[in-house]
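*Asks:* First the structure, then my questions, so here it is.
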Amino acid sequence: MATIQTKHENWTSRFAFLMAAVGAAVGLGNIWKFPYITGQNGGGAFVLVYLLAVIFVALPILIAELAIGRWGRQSPPNAMSAVAREQGRSKAWRLIGWSGMLAAYLIATYYSVISGWTMVYIFKNGAGNFTGQSADAVAAEFEALLASPGTLALWHGLFMIIVAWILARGIQAGIERAVKFLMPALFFLLLMMVGYGAVKGDMAQAMHFMFDFDFSAIDGTTILVAIGQAFFSIGVAMGLMMAYGAYLPKEISIARSAVIISVMDTMVAIIAGLAIFPIVFANGTDPGEGPGLIFITLPIAFGSFTGGVVFGTMFFVLLLFAALTSVIGTIEPVIAWSREKFGMPRALAAVLSCAFVFVLGFGTVLSFNAWKDWRPLAGFERFADFGYFEILDYVTANLMMPITGLLLALFVGWRIKPEAIADQLQIENPAVFRAWFWLLRWVVPISIALILVSSL
């Protein structure tokens, strides 16, 4: 079955694609969110369930998303439309592409603001601001940052300028060159942080915490949180993997690439835990501290250790690299669509797409200060305490992404002819294809449905 042809660029190599895809998947969700969620959900038991969720839920969707992207060779909405048309299905299935692309774009509007925090902390830690500081002083410094809309907007803007510059240069000259440097650098810095944690921290306690499995700690909530985190961490149902798949040469195996992406993404999350938890335990702080783990707890710890200025700065550089590769991935689908729809030059599409992210990001900026007490949905008990940022995060991560993933699984699993998707994937072992197809048809939809029910 022929692949639909477009004028978009292709990745120059499998390595380039893998670095870009892993970079899009690896982000603050791995290095920031995964450690504190692990801390809040019992350590090793959660890690085990998370690994199972990656294998049986996230990986099947990732394969499906890459396959649709390469098959359609266009932006997510147009790729979905082209594949549906070829299979004799309604073009309404293109809503899957729209939903994923919009979710990713909205996530970029607040992700970029938080990414700006990492840039601030590179300089704060590098200047020795946290050396010898009390917990209260470090917490007050973070609160002062959040209370300043001008400061947040400035760093949010600087971050988006970097992203726009990379995206404007194109797939090969921009994204490829960036990820070929950023991803190896990220892995190097992460391993350096693990080494630092082993020397200065309590690695033995961290190992016990992450890999001792207490099965009594596993309950329905743990399973649902693990599935949701796997879903978010791998970067599926956001359109970005479909967009990156559109640039994938035919000869590259989708299934093998998806396995590599999932393994590398999971490794980063686990290694991040091994970098963070030794420092947390050595400092006598709570591993389930929540979002403040990165911006309050760790600076306190770095400020109390020898070499904390150097390695603390290195850690926030690591966070910045992860944030850059992720935000690039969330905006690329919109750029591809803009070029297809309006015939824009790539540079113009990149600048406009990033400019809109910057403008929309002001909602997140203000939600930490001027809009701090604003509760748009106060009339609904479930959302009574949600501000703008919390609502945006909830809608994208808990509703839009799961719904997109559910619909994608139903489309590929039930509305595409099995032989057609098999032709796209070219999995040599028929048993492997049947196992993947069964997971996509049954396990994935049921798991996602449980996530959706739990979110309501």
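Laboratory data are not the source of any read-out in this text; all were calculated from the coordinates shown. As the structure is a prediction and not an experimental result, all values here were calculated from the model. Every residue, glycine among them, receives a Cβ derived from its backbone with ideal geometry; neighbour counts consider all protein chains shown.
*Asks:* With every atom except the alpha carbons ignored, what do you get for Rg and Dmax of the range 220-368, in angstroms?
*Replies:* Both quantities, over Cα of the range 220-368: 19.2, 57 Å.
*Asks:* Something else about it: When the Cα centres of the range 364-390 and the range 112-138 are compared, how far apart do they sit, in Å?
*Replies:* Spelled out, the Cα-based centre of one part sits 26 Å from the other.
*Asks:* How large is the Kirkwood hydrodynamic radius of the range 182-246, in angstrom, based on all distinct alpha carbon pairs?
*Replies:* When all Cα pairs of the range 182-246 are included, the Kirkwood radius is 15.2 Å.
*Asks:* Give, rounded to the nearest 20 debye, the magnitude of the charge dipole that the range 369-456 has about its Cα centre when Lys and Arg contribute +1 at Cβ and Asp and Glu contribute -1 at Cβ.
*Replies:* Here the range 369-456 has a charge dipole of around 220 debye.
*Asks:* Can you tell me the convex hull volume per residue for the range 162-219, based on C-alpha atoms, in Å³ to the nearest whole number?
*Replies:* Residue-normalised Cα hull volume stands at 146 Å³.
*Asks:* Determine the gain in length on full extension of the stretch K372-M192; use 0.36 nm per residue of separation and subtract their C-alpha separation, reporting nm with one decimal.
*Replies:* 61.1 nm
*Asks:* For the chain, with the dipole built from +1 on Lys and Arg beta-carbon atoms and -1 on Asp and Glu ones, taken about the Cα centre, which of F321, W71, P60 lies farthest toward the positive end?
*Replies:* My answer, from the dipole projection, is W71.
*Asks:* Still on this model: By the gyration tensor of its Cα atoms, with a ≥ b ≥ c the square roots of the eigenvalues, what is the shape of the range 122-258: rounded for a/c under 1.5, prolate for a/b over b/c, or oblate?
*Replies:* Oblate, because a/c is 1.5 or more while a/b does not exceed b/c.
*Asks:* If you place +1 on the Cβ of every Lys and Arg and -1 on the Cβ of every Asp and Glu, how big does the dipole about the Cα centre of the range 14-455 come out, in debye to the nearest 20?
*Replies:* 1680
*Asks:* Can you give the direction-averaged projected area of the convex hull of the alpha-carbon atoms in the range 296-408, in nm²?
*Replies:* 11.0
*Asks:* Considering just Cα atoms, how many Å³ per residue does the convex hull of the range 363-456 enclose?
*Replies:* Cα convex hull per residue, to the nearest whole number: 119 Å³.
*Asks:* Taking only the C-alpha atoms, wrap a convex hull around the range 113-185 and report its volume per residue in Å³ as a whole number.
*Replies:* 99
*Asks:* Among G128, P430, A384, which residue has its Cα furthest toward the positive end of the charge dipole of the chain, with +1 on Lys/Arg Cβ and -1 on Asp/Glu Cβ?
*Replies:* Going by the Cα projections, it comes out as P430.
*Asks:* Next question. Over the range 14-455, what is the relative contact order in whole percent, taking alpha-carbon pairs under 8 Å and six or more residues apart?
*Replies:* 35
*Asks:* Something else about it: Using only Cα atoms, find the angle between the long axis of helix 76-86 and the longest principal axis of the chain, and express it within 0 to 90 degrees, rounded to the nearest 10.
*Replies:* The two axes meet at around 20 degrees.
*Asks:* Students often check this: by mean Cβ neighbours within 10 Å, which of 430-439, 360-369, 106-115 ranks highest, and how do the rest follow?
*Replies:* Sorting 430-439, 360-369, 106-115 by mean packing, highest first, produces 106-115, 360-369, 430-439.
*Asks:* Give the lysines whose C-alpha is closer than 20 Å to that of K250, dropping any in the same chain fewer than 8 places away, or say none.
*Replies:* Cα-Cα hits under 20 Å: K7, K417.
*Asks:* Work from the charge dipole of the range 14-455 (Cβ charges, +1 for Lys and Arg, -1 for Asp and Glu, about the Cα centre) and give the residue of I421, F281, L158 farthest towards its positive end.
*Replies:* The Cα lying farthest towards the positive end belongs to I421.
*Asks:* Taking every alpha carbon pair in the chain, what does the distance histogram look like in 10 angstrom bins from 0, in percent?
*Replies:* With a bin width of 10 Å, the distribution comes to 4, 21, 32, 27, 12, 3, 0.
*Asks:* I'd like the Kirkwood hydrodynamic radius of the range 73-153, using the inverse of the mean 1/r over distinct C-alpha pairs, in Å.
*Replies:* Mean inverse Cα-Cα distance, inverted, gives 16.1 Å.
*Asks:* Counting Lys and Arg as +1 and Asp and Glu as -1, each charge on the Cβ, what is the dipole of the range 74-207 about the Cα centre in debye, to the nearest 20?
*Replies:* I would put it at about 740 debye.
*Asks:* In deg cm²/dmol and to the nearest 500, what is the mean residue ellipticity at 222 nm of the chain if only DSSP H runs of at least 4 residues count, each as -39500 (n - 2.57), divided by the residue total?
*Replies:* -22000 deg cm²/dmol
*Asks:* A follow-up question, please. Sort the range 343-416 into rounded, prolate or oblate with this rule: let a ≥ b ≥ c be the square roots of the eigenvalues of the Cα gyration tensor; rounded if a/c is under 1.5, and if a/c is not under 1.5, prolate when a/b is larger than b/c, oblate otherwise.
*Replies:* oblate
*Asks:* How big is the C-alpha Rg of the range 35-85 next to the rule-of-thumb value 2.2 N^0.38 Å, as a ratio?
*Replies:* Relative to the 2.2 N^0.38 Å estimate, the range 35-85 comes out at 1.68.
*Asks:* At q = 0.13, 0.16, 0.17 Å⁻¹, what log₁₀ I(q)/I(0) does the range 1-134 have when each alpha carbon counts as one equal point scatterer in the Debye sum?
*Replies:* -0.82, -1.08, -1.15
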